[in-house]
Amino acid sequence: SGDGQAAHNDFGHFYGSSYITAPNGVRTYPLSRTKDGLLVADIDLNLCRQVKDEWGFQMTARYELYAQKLKEYISGDYQQQIVYDKEPPQKKEK
């Protein structure tokens, strides 16, 4: 437990359930929300490659920009950029 107390074991029902999804959206039958389970599945790596190639994520990736932003973030000088669709909300005067 992160608070130094005994482990917290009573969480109630887990929200959602575990399942495996293929890149094309097909998914396995989900595990129970209330019982322990083990999910085993075959993974079609050829299908993963085909979908990856078709979607073209690598074509639009900007790895240099991601690396630059990560470097700025971990340096401690990071300033969050907030973009508003409209004018930013005005602070209410007291």
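Readers should treat all values here as calculations from the given coordinates under stated rules, not as data from a laboratory. For clarity, every value in this text was computed on a predicted model and none was experimentally measured. Neighbour counts are summed over all protein chains in view; Cβ atoms, including those assigned to glycine, are modelled from backbone coordinates with ideal geometry.
Annotations for the structure displayed:
- P(r) tail fraction, the chain - alpha-carbon pairs more than 16 Å apart, %: 79
- In the chain, the sites counted are chymotrypsin sites (Phe, Trp or Tyr not before Pro) in DSSP loop states with at most 12 other Cβ atoms within 10 Å, and the longest stretch holding none of them, exclusive of the sites, is 20-77.
- Checking every one of the trypsin sites (Lys or Arg not before Pro) in the stretch 1-81 against DSSP loop status and a limit of 11 other Cβ atoms within 10 Å picks out K35, R62.
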